[in-house]
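Each remark here refers to the structure printed beneath this line.
A short reminder: the numbers here are calculations on the coordinates, not readings from a lab. Quantities reported herein were computed from a predicted structural model and do not represent experimental measurements. A quick note on method: Cβ atoms are made from the backbone with ideal geometry, for glycine too, and the neighbour counts reach across all protein chains shown.
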Amino acid sequence: MSTQVETREFQAEARQLLQLMVHSIYSDKDVFLRELISNASDALDKLRLESFADKDLDVDLSDLHIELVADPQERTLTIRDNGIGMSRDEVVNLIGTIAKSGTAELLGKLREAKESTDAAGVQELIGQFGIGFYSAFMVADTVTVLTRKAGETTATRWESSGEGSYTIATEDTAPQGTAVTLHLKPADAEDRLFDYTQVSTIRGIVQRYSDFISHPIRMEVERTKDEETVREVETLNSMKALWARPRGEVSDAEYHEFYKHISHDWADPLETIRLSAEGTFEYQALLFIPSRAPFDLFTRDAKHGVQLYVKRVFIMEDCASLMPEYLRFVKGVVDAQDLSLNVSREILQQDRQIQLMQRRLAKKVLATVKSWLDSDAEADAEKYRSFWSEFGTAVKEGLVTDADNRDAILGIASFESTKAEGQTTLRDYLERMPDDQEHIYYLTGRSRAVAENSPHMEAFRDKGWEVLILTDPVDEMWVDAAGEFDGKKFQSIAKGEVNVDKDADKDLEQQREEEFSGLLGWLGEQLAEQVKQVRLSARLTTSPACIVGDEHDLTPQLIRMYQAMGQPLPDIKRILEVNPDHALVKALREAHSERPDDPKLAEAAELLYGTTVLAEGGELADPPRFARLLADRLASGL
Ligand SMILES: Nc1ncnc2c1ncn2[C@@H]1O[C@H](COP(=O)(O)OP(=O)(O)OP(=O)(O)O)[C@@H](O)[C@H]1O
């Protein structure tokens, strides 16, 4: 008996996603079954884990399974599991709403892709989002869910046609677990909508997508035995753990389907990595590098993707201890032979064997990426480029957090550079480096354009020395600490003294120092609030001045980052370097020696400093005052 039938609206985001599903932009409709079986399998795992965690929960774990029931007359297909089930509130919250960070943003992108009728784009975005259950509406006019949560007595019936609303009612009785019944749309082979009441169709889909599911997927089938038709139950999947099967026996397609099951991604992975360790601590790992970064890669609660099994038994999702944070996008399974089935996250965090395992897995992932770089095949080069553009920013976090692998990470990193159209690896940089260049030079900045036009670049450009352009905020964090690569030091071109021209005439330099000492001293006084020193520059050829830091000073970008995080910072002053060959600096020197007390000169000093700040992409302390001074100057010059 159902009571209190209530009609409710889908949450706005959920409704929009459903619309996209109902109007079926996804060409491979068969995947609905993979998604529903995947959910059912998760529900079975959850029941087992819950019964370990809650000893009072009285549930039968003896025959966890998934059952498929097709009714060709009624045109229905039911996917039933005896797993954890859902409470009424859970049905409302899990099925009627989408509570994922980034939903609104993703929907915006989806709408754009749809408006531009970019079907591939829509599929890719949907795939990234993984809207498992809703895929049922690609093949069904109406979907009914009957579910009873383990430990509860009443059940919940949910029904919807995938338009704006759904009904929900409480039921007195139902088996524990969840049954999803699809009232199928008419088959339409042209639209790749097949007859999902046919055993052969269903068997084919299960074998293709869900063979490795570790619980039996059963279906009643008709067979002819001794010329008589009998009905018997068939298990459609082999249930074999993919990582335990010999590599040669498993096809790429099978690995890919397994990846989709564990990752909820709809696209194939970029790479499949297998690893097994024998000896005192035995384990097997099957890891995947996705082809696209998840949209929540940089959100705080982003999940770690690796699952832990112990002796083929699923133990835990998102096992952070198995993969360092900077490789959080790697998905997969680790099956350890020598852990207890009751192992907890806390125990794992402290376990030495787990730490060793994490290091080995991380090294293996980094070595896989390195192998693409070392290969001559264009396909591998493409894999590398795609990997780095999707995950490079996350991987670089490892340069700060994983000192052991710093060299390995630098070995697979790419950066923008003044000599590369796209990005360059450090190895390629070193190969291009002329003999008289000592260091690996870099400049951090907000964008490539700003960095390329920065005055700091001038002498390096003239000299033909390549400069790496580091534009990711994370670059600021590692580049100081990284020290060196292959014996060459990382050296900022905006810090310390540079000596590009080793053969410079020392006498001439001395003479210059004396010539300009009056101006430098005076500028130092005028700009005492802004800079700690004013000196002549060896790095400028066309600009009048630039601002540089001492070797260990924070860069302006880093200062901005700390400020954005609300961190108090001491007053940090840098150094103003002026170009003695520039007409403005020469004129300023002459004017200062002729009429040192002219107030116009003080304004000129202020303007010189202001334009220099702007040239490095910095912000002025008092923009209106700067604009006024500049306008006055322009007016008097016209
Ligand atoms: N058969 C089921 N038994 C119990 N809970 C289920 C079942 N199917 C779905 N759920 C619950 O509903 C939630 C939403 O399912 P849905 O398939 O939409 O997304 P998901 O599986 O969480 O992940 P993704 O959106 O990435 O596919 C699940 O996380 C699960 O909690």
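Placing R0 at 51 angstrom, the Cβ-Cβ distance between Asp374 and Asp89 gives a FRET efficiency of 0.40 after rounding to 0.05. Beyond a 20 Å Cα-Cα separation, which of these cross-linked pairs lie in this structure: Lys240/Lys364; Lys46/Lys364; Lys370/Lys463; Lys506/Lys573; Lys303/Lys396; Lys29/Lys383? Distance filter (> 20 Å) returns Lys240/Lys364; Lys46/Lys364; Lys370/Lys463; Lys506/Lys573; Lys29/Lys383.
Computed FRET efficiency, Cβ-Cβ of Glu382 and Arg448, R0 25 Å: what is it to the nearest 0.05? Computed FRET efficiency for Glu382 and Arg448: 0.65. Each part gets one Cα centre, and for region 368-446 versus region 288-321 those centres are 25 Å apart. Leaving out same-chain residues fewer than 8 places away, which aspartates and glutamates sit with a Cα under 12 Å from that of Lys586? Cα-Cα hits under 12 Å: Glu515. With all pairs of different C-alpha atoms in the average, the Kirkwood value for the hydrodynamic radius of the chain is 29.3 Å.
Simple rule: put +1 on each Lys or Arg Cβ and -1 on each Asp or Glu Cβ in the chain, find the dipole, and look at Leu182, Gly279, Ala403; the Cα lying farthest toward the positive end is Leu182. Taken as Cα centroids, region 579-638 and region 219-244 sit 86 Å apart, rounded to the nearest whole angstrom. Counting neighbouring beta carbons within 10 Å and listing from fewest to most, the residues Arg352, Arg8 come out as Arg352, Arg8. Our estimate of slack between Glu152 and Glu115, defined as 0.36 nm per intervening residue step minus the Cα-Cα distance, is 8.8 nm. When only alpha carbons are used to place a centre, region 31-52 and region 467-481 end up 43 Å from one another. A simple spin-label model places the labels of Leu341 and Asp462 7.5 nm from each other, with each point 7 Å out along Cα-to-Cβ.
Charge tally around Val233: other residues with Cβ under 15 Å, Lys/Arg +1 each, Asp/Glu -1 each, net 0.
Beta bridges from DSSP with both residues in the chain: antiparallel share about 75 percent, rounded to the nearest 5. Between Thr611 and Ala189, the simple spin-label model (points 7 angstrom out along Cα→Cβ) gives 7.6 nm. Per-residue Cβ neighbour counts within 10 Å put Glu606, Glu163 in the sequence Glu163, Glu606, beginning with the fewest.
Exposure proxy for His183, His264: other Cβ atoms within 10 Å of each Cβ, ordered fewest to most, give His183, His264. For region 1-77, the Cα-based Rg and Dmax, in that order, read 17.5, 46 Å.
Where a ≥ b ≥ c are the square roots of the eigenvalues of the C-alpha gyration tensor, would you call region 414-493 rounded, which needs a/c under 1.5, or, failing that, prolate if a/b is larger than b/c, or oblate? It is rounded, given that a/c, with a ≥ b ≥ c, falls under 1.5. For region 315-345, backbone nitrogen atoms closer than 16 Å to the point 7 Å from Gln355 Cα along Cα-to-C-beta are found at 321-325. Counting only Cβ charges, +1 for Lys and Arg and -1 for Asp and Glu, the dipole size of region 243-374 around its Cα centre is about 300 debye. Within the same chain, aspartates and glutamates fewer than 8 places from Lys600 are excluded, and of the rest, those with a Cα less than 19 Å from its Cα are Glu525, Glu529, Glu590, Asp622, Asp632. Stretching Gln510 away from Leu49 to a fully extended chain increases their span by 158.2 nm, per 0.36 nm per residue minus the current alpha-carbon distance. Rounded to the nearest whole angstrom, the semi-axes of the ellipsoid equivalent to region 243-374, taken from the Cα gyration tensor as √(5λ), stand at 21, 18, 15, largest first. Convex hull volume of the C-alpha atoms in region 448-522, normalised per residue: 153 Å³.
Each eigenvalue of the Cα gyration tensor of region 225-308, multiplied by 5 and square-rooted, gives one semi-axis; in descending order these are 33, 20, 13 Å. One decimal place: the segment Asp141-Arg208 gains 21.6 nm when fully extended, by the rule 0.36 nm per residue minus the C-alpha distance.
Pull out a ≥ b ≥ c, the square roots of the eigenvalues of the alpha-carbon gyration tensor of region 461-600, then state rounded if a/c is under 1.5, prolate if not and a/b is larger than b/c, and oblate in the remaining case. Since a/c reaches 1.5 but b/c is at least a/b, the shape of region 461-600 is classed as oblate.
Computed across region 162-274, the Kirkwood hydrodynamic radius from all distinct Cα-Cα pairs reaches 17.6 Å. Rounded to 0.05, the FRET efficiency of the Ala403 and Val230 pair, given R0 = 45 Å and the Cβ-Cβ distance, is 0.10. Per-residue ellipticity at 222 nm from helix content only, as computed over the chain with -39500 (n - 2.57) for each DSSP H run of at least four residues, stands at -12000 deg cm²/dmol. Prolate is the label for region 354-487, because the ratio a/c of its alpha-carbon gyration tensor axes (a ≥ b ≥ c) is 1.5 or higher and a/b is greater than b/c. Over all other residues within a Cβ to Cβ distance under 15 Å of Asp598, the charged ones net out to -3, with Lys and Arg as +1 and Asp and Glu as -1.
Rounded to the nearest whole angstrom, the semi-axes of the ellipsoid equivalent to region 2-235, taken from the Cα gyration tensor as √(5λ), stand at 28, 25, 17, largest first.
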